[in-house]
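A quick write-up on the structure given underneath.
The values are calculated or read from the model by the stated rules, or taken from the named source; none is laboratory data. In this text the structure is predicted, and so the values were computed from the model without any measurement. Backbone-built Cβ (ideal geometry, glycine too); neighbour counts: all protein chains shown.
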């Protein structure tokens, strides 16, 4: 917590218990006392630091000085201020940041610090329902796991990690928090403790993933444990539990090294598991439960990606789905000629797609 004399933001306003900053610190403490997840607290803290720095640049230091028009001005500011690689926030990030600011002012109003909540009627940007950028096929997953060097004991650990991600669709944080007792081979289940929103859940885990976890536990993990064993399942070469960023970096490198031509890290296996399950007939509500989504809306994104069954129906029923009328061909040369024309058409479409991608990349580079 800042001390008297500490500075915040570009203008360096001094610490004041009744300032926006002072009330923000008390608000964060209140969230922790009410058992909000640490991820929520950190997100709220980051959003409030950004907002308070903006306010102090404009000479606004007290909660009572903030009005709805000022919050609308801050909302416009978020659409243009560069945050990463010279690019502004996505609308999704803007929405999340403003939600934190609204939560802060709602709390101030309920604590009777403010007579009225200036953020109560703030119109939020529409959230984008973005489809996952990368989905792997089952064959691509096999290529990735088979490319891992199992001659290195840490390769066995990496194989076990990816098998768990693919089988259970865990989040990255849920993977690094896994404990030995969370994996129940007899029942074929995996317990997720304190997942997103501090929700526990029980998910199925496949036999292959269980086999690799057991191999890692038996042959590799004992040599990684240094001193007291705290029970965390996956560990690094120094015997320490894995960090989130380290896991992302490691899995991303494994995907890149496989040569499949796609990029992704932990979340790509979550996306892939959900999509393949839906394509193969899983009920969306069952997938929702497995993913740990509080709302069905989040899971339904994957129904837009699992398009294979829709393609089959389209090909069988749409008059324009085929290149031409189906003609019975008995002559081999004629059949080969048709296949050659199809290959030419596919090549032409691929060239057009490549041009579109190049144009998009040129426009993106020009805008940076």
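Details
Residues checked against (1) at pLDDT 90 or above; (2) surrounded by fewer than 17 Cβ atoms within 10 Å (Cβ to Cβ); (3) outside any helix (DSSP H, G or I); (4) outside the structural domain of residue 173 (by TED's automatic domain parsing):
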residue	(1), (2), (3), (4)
49	yes, yes, no, yes
53	yes, yes, no, yes
72	yes, yes, no, yes
76	yes, yes, no, yes
100	yes, no, no, yes
105	yes, no, no, yes
120	yes, yes, yes, yes
126	no, yes, yes, yes
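- Criterion violated by residue 90 - all others in (1) in the same structural domain as residue 16 (by TED's automatic domain parsing); (2) crowded, with 16+ Cβ neighbours inside 10 Å; (3) at pLDDT below 95 satisfied: (2)
- Residues (over 15 Å from residue 157 (Cβ atoms), touching a residue at least 24 places away in the same chain (Cβ under 8 Å) and part of a loop (DSSP other than H, G, I, E, B)) located in the range 175-193: 177, 185
- Meets criteria (more than 33 Å from the chain's Cα centre (by Cα), assigned to a helix (DSSP H, G or I) and over 30 Å from residue 194 (Cβ atoms)) for residue 64: yes
- Condition check for residue 286: crowded, with 16+ Cβ neighbours inside 10 Å and modelled with pLDDT under 90: no
- Residue satisfying all of: in the range 34-47; touching a residue at least 60 places away in the same chain (Cβ under 8 Å) and part of a helix (DSSP H, G or I); nearest to residue 63 (Cα to Cα) among these: 44
- Spans of helices (runs of 4 or more DSSP H) in the range 195-276 with at least 2 residues out of contact with any strand residue (DSSP E or B) (no Cβ under 6 Å at 6 or more places or on another chain) and under 18 Å from residue 181 (Cα atoms): 207-219, 221-224
- Residue list for the range 147-170, filter: touching a residue at least 24 places away in the same chain (Cβ under 8 Å), over 19 Å from residue 195 (Cβ atoms) and either out of contact with any helix residue (DSSP H, G or I) (no Cβ under 7 Å at 6 or more places or on another chain) or assigned to a helix (DSSP H, G or I) (or both): 153, 154, 156, 157, 158, 159, 160, 162, 163
- Any hit, the range 205-226, residues being assigned by TED's automatic domain parsing to the domain that holds residue 149, under 19 Å from the mean Cα position of the chain (by Cα) and free of Cβ contacts under 8 Å to residues at least 24 places away in the same chain: no
- The range 55-70, residues that are within 18 Å of residue 123 (Cβ to Cβ) and surrounded by fewer than 18 Cβ atoms within 10 Å (Cβ to Cβ): 67, 68, 69, 70
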